1. Kindly indicate whether residue 49 is within 30 Å of residue 258 (Cβ to Cβ), in contact with a helix residue (DSSP H, G or I) (Cβ under 8 Å, 6 or more places away or on another chain), crowded, with 21+ Cβ neighbours inside 10 Å and of a type in the set (A, V, I, L, M).
2. Only one residue in 270, 287, 293, 317 is among the aliphatic types (A, V, I, L, M), farther than 16 Å from residue 105 by Cα and either in contact with a Leu (Cβ under 7 Å, 6 or more places away or on another chain) or surrounded by 16 or more Cβ atoms within 10 Å (Cβ to Cβ) (or both). Which one?
3. Got a number for residues in region 288-306 being under 16 Å from residue 150 (Cα atoms), modelled with pLDDT of 95 or more and of a type in the set (A, V, I, L, M)?
4. Scan the helices (runs of 4 or more DSSP H) fully inside region 269-327 and keep the ones with 1 or more residues being in contact with a Gly (Cβ under 8 Å, 6 or more places away or on another chain).
5. Does region 105-123 hold any residues that are in contact with an Asp or Glu (Cβ under 6 Å, 6 or more places away or on another chain) and part of a loop (DSSP other than H, G, I, E, B), and which are they?
6. Select from region 127-156 the residues that are aliphatic (A, V, I, L, M) and either part of a helix (DSSP H, G or I) or more than 19 Å from the chain's Cα centre (by Cα) (or both) and list them in ascending order.
7. From 18, 81, 27, 89, grab the single residue that is modelled with pLDDT of 95 or more and within 23 Å of residue 311 (Cα to Cα).
8. Could you pull out the residue among 112, 137, 124, 97 that is buried (at least 22 other Cβ atoms within 10 Å of the Cβ), closer than 25 Å to residue 181 by Cβ and among the β-branched types (Val, Ile, Thr)?
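The values are calculated or read from the model by the stated rules, or taken from the named source; none is laboratory data. Predicted model only: the values in this text are computed from it and were never measured. Glycine also receives a Cβ, built like all others from the backbone with ideal geometry; neighbour counts cover every protein chain displayed.
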Amino acid sequence: MHVGTHLKRLIAVAALTAVTACGGGVATTNPDGTRSFTVAVIEPDITTVPILAAVDDLRRAGHKVEIVELAEPELAMEGLARGDYAISAEATSPALIAIEQDAPIKIIADVIGNQWAVYGKPGISSCDDLGGRPFGIFSEGAVATAMAKDWVRAQCKAGRQPEYLTIGGSDVRAQALLAGEIDATPLEVSDVVALESSGKSTFSQVVDFGKSLPDLHPQTVYANTEFLTEHRAVAQEFVTALVRRHASINSDAKYLVDLVTKYLPEEKPADMAKIAERYVSSGLFNASALTEANVQGTIDFFARAGVIKPGMKAEDAADLSFIQAAK
């Protein structure tokens with residue numbers, strides 16, 4: 001979930017390439033009426049497995065869908081703009097940057113709700129308690145960092161800002177918090193559960209961004225607009241399959257554990273059942289969660305954070321008709 005000037009340069013190039021890419025075959029129609037296309041995923045994790053399962057649903061319907069795993073969102077955005085990929089999913093901010101540069105991309109569904117929260121050691125209960133204290137971040141361009149700094153600007157009194165320390169991923173920062181190397185940091189659900197299960201930590205939640213930023217959706221599904229226009233039926237099949245997979249997760253947390261076992265067999269944390277239960281109890285899996293209001297809220301957040309320029313409208317960034325039609 002990193003956003004930087006390098007990405008903006010790549011998207012500018014991709015947008016120019018996209019002008020000649022339209023009509024170049026983002027998907028092909030097979031003799032039996034099924035479609036062949038590619039879905040790109042970024043370093044699959046627990047939030048990605050419903051998407052992989054939805055792809056399998058399309059395969060069972062006869063479609064020929066290839067999965068490509070990429071290391072960085074820059075590559076997904078370039079591929080979507082060129083028409084190499086029909087669909088991708090991960091951080092919302094790179095998609096908004098691409099759309100701002102006129103790349104042919106639209107957001108069509110949610111991946112996961114805002115699962116980020118700041119956790120701190122004993123004695124840290126508000127923003128003002130963090131004045132001058134070490135606050136762990138992944139990078140200056142990370143979405144969690146943007147949320148944290150937005151909260152600090154709004155909640156900390158003058159002179160009470162923390163000292164930001166770039167450390168690494170959520171799991172690394174969780175261990176740094178446990179070791180007393182930092183006083184607070186934004187964490188994801190899986191790392192919070194791991195800390196709770198360690199039995200060694202007395203940390204507490206300082207702010208839940210899912211509640212303080214209810215209209216921010218930092219991870220979404222997006223697609224090439226030619227694919228959405230020329231192959232609308234199969235695009236709808238995919239979104240409907242994803243909505244149904246999320247519904248199955250919400251009806252039974254074990255279903256999510258089973259999906260992780262199937263699609264990410266190398267992931268075997270002892271507390272996976274607790275992680276799944278936390279996702280379900282928090283209602284984080286809801287592909288249909290996007291509305292015009294919260295898409296606009298997401299856009300406005302990233303404009304406020306300086307990631308995109310002000311002025312983008314929800315209809316510029318998203319096509320919500322697919323989740324509205326999903327049953």
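1. yes
2. None of the others qualify; the one that does is 287.
3. 2
4. On the way: elements: 272-281, 292-304, 314-317, 321-325.
Output list reads 292-304.
5. Those that are in contact with an Asp or Glu (Cβ under 6 Å, 6 or more places away or on another chain) and part of a loop (DSSP other than H, G, I, E, B): 115, 121.
6. At the first step, the residues of region 127-156 found to be aliphatic (A, V, I, L, M) are 130, 137, 142-144, 146-148, 152, 154.
Within region 127-156, 130, 143, 144, 146, 147, 148, 152, 154 meet the criteria.
7. After ruling out the rest, the residue left standing is 81.
8. When all the criteria are applied, what remains is 137.
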